[in-house]
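For reference, the structure is listed below as structure tokens.
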Amino acid sequence: MNQDKDHPPPSSWLEKFSGLFESDPKDRPALINVLRDAETRALINSDALSMLEGVMQVSEMQVRDIMVPRPKMVVVERDDPIDEILNTMVTSSHSRFPVLGGNRDDVVGILLAKDLLHLYCKAQTQKQTKNGSLDESFNIRDSLRPAVIVPESKRLDVLLKEFRLKRNHMALVVDEYGVISGLVTIEDVLEQIVGEIEDETDVDDGEDNINQIDSNEFNIKALTDIEDFNAFFGTDFDDEEVDTVGGLVMQAFGHLPARGESIEMKLLRFTVLHADKRRIRQLKVERIESLQN
């Protein structure tokens, strides 16, 4: 069978790609330049380049960079009535929930929505059989799974490997004092590689546009209005030419920046956490004065 001239055999593709490495890259920036050159030559497409850059970025990032901060965690109480727990699940549309005991630092386990559904159906059957109260036959402790605890400083590539090996999808994050500071999911890590994973339940909720990680570090959605950003940080960025923080940062770079690129403006350092071939999606913002002290 004749080979299509427009689609060279795999060996030809490999030969062209391997030709890029005539001189071994000496460091990561050099390797990234080689990959970007490969994209320019159409040896790899822009999506593949973005994922390759994401893989390298993940090896440099820590859990604290992407975790859901404690105030934004959706949790349930171990002793809550089942109707209240179900309402929390339906309202949030999440599939996994940290379960608290006596206080916010007493995480007794993780509850999966599918496990609760099975338990709820079983409790309903017992109620109908014994004509008793549903809450009397329902015990959330029967479905709790162990909570995985990780430090804020754990590298994302290490966490992803542990998630895969132990078949976990969520971990609670603790600070240096052992206090719960947030949570992280396998989806959060994968989004650093493949970009934002959206489904039909995702809503771009404006109140979550600015998430505080610590006293001087913040995760910012690129679609945040400049006016809202100025009000939060006390800055005076101009919003006449662009409306969003992502547009402001892109304007400052003069090009669409890749993940990991940083720029400093008005005593703030903006680092790109998420970006695809069209726009910036998420940024890390740090106060420069605090970094220098």
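The values are calculated or read from the model by the stated rules, or taken from the named source; none is laboratory data. This is a predicted model, so every value here is computed, not measured. Please note: Cβ atoms are built from the backbone with ideal geometry, for glycine as well, and neighbour counts cover all protein chains shown. With ligands, DNA and RNA removed, areas are computed over all heavy atoms of the protein, side chains included. Shrake-Rupley method; radii C 1.70, N 1.55, O 1.52, S 1.80 Å.
Residue pairs exceeding 24 angstrom between C-alpha atoms, taken from Lys221/Lys266; Lys154/Lys284; Lys114/Lys284; Lys72/Lys114; Lys72/Lys266; Lys72/Lys154: Lys114/Lys284; Lys72/Lys266.
Each of Val74, Ala42, Val58 was placed along the dipole of region 38-91 (beta-carbon charges, centred on the mean Cα), and the one lying farthest toward the positive end is Ala42.
Take 64-71, 148-155 and order them by the average number of nearby Cβ atoms within 10 Å per residue, most first; the result is 64-71, 148-155.
Note on Val158 and Thr40: their simple-model spin labels are 3.7 nm apart, each label 7 Å out from Cα toward Cβ.
Accessible area per residue for region 206-246 is 54 Å², calculated with a 1.4 Å probe on protein heavy atoms, without ligands, DNA or RNA.
The simple Förster model, with R0 at 45 Å and r as the Cβ-Cβ distance, assigns Asp47 and Val179 a FRET efficiency of 0.70. Distant-in-sequence amide contacts of Ala258, defined by a placed amide H-H separation under 5 Å and a gap of 5 or more residues or a different chain, comprise nothing.
For Asp83 and Leu190, calculate 0.36 nm times their separation in residues minus their Cα-Cα distance, and state this gained length in nm to one decimal.
Values: separation 107, 0.36 × 107 = 38.52 nm, distance 3.29 nm.
This chain segment gains 35.2 nm when fully extended.
Each residue of region 162-168 was assigned a 3J(HN,Hα) from its phi angle through the Karplus expression (A = 6.51, B = -1.76, C = 1.60, θ = phi - 60°), giving 5, 4, 5, 5, 9, 6, 9 Hz with x at Gly and Pro. Phi-derived couplings, Karplus 6.51 cos²θ - 1.76 cosθ + 1.60 at θ = phi - 60°, listed residue by residue for region 217-232: 9, 9, 9, 10, 6, 5, 7, 4, 5, 4, 4, 5, 4, 4, 5, 6 Hz, with x used for Gly and Pro.
Report note on the peptides 172-179, 188-195: ranked by the mean count of other C-beta atoms within 10 Å, highest first, their order is 188-195, 172-179.
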